[in-house]
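Notes for the one structure printed next.
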Amino acid sequence: MSNTDNELIRKALEKAEYETLKKKAMLNQIVIQAGKNGEIVRVPAREVFQKLYNEPVPEF
């Protein structure tokens, strides 16, 4: 794979992650993350979306 292919794949994955998290946040769903010690943590998607992307959650 060339660097261009890798970059296209990376951008597509970033977009998919953004869209998935945005939709979960809009639906007030929970996402599962690993905690500092590897424990499973349930976090509101709204909180994660706002922290990662520094933008408000859109409304339907």
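The values are calculated or read from the model by the stated rules, or taken from the named source; none is laboratory data. Just so it is clear, the model here is predicted, and its values are computed rather than measured. A quick note on method: Cβ atoms are made from the backbone with ideal geometry, for glycine too, and the neighbour counts reach across all protein chains shown.
Details
- Filtering segment 24-41 to residues that are modelled with pLDDT under 95 and closer than 19 Å to residue 60 by Cβ leaves nothing.
- Candidates in segment 3-60 are the residues that are without any contact (Cβ under 8 Å) to a residue 12 or more places away in the chain, exposed (fewer than 10 other Cβ atoms within 10 Å of the Cβ) and in a loop (DSSP other than H, G, I, E, B); of these, the one that is farthest from the chain's Cα centre (by Cα) is 37.
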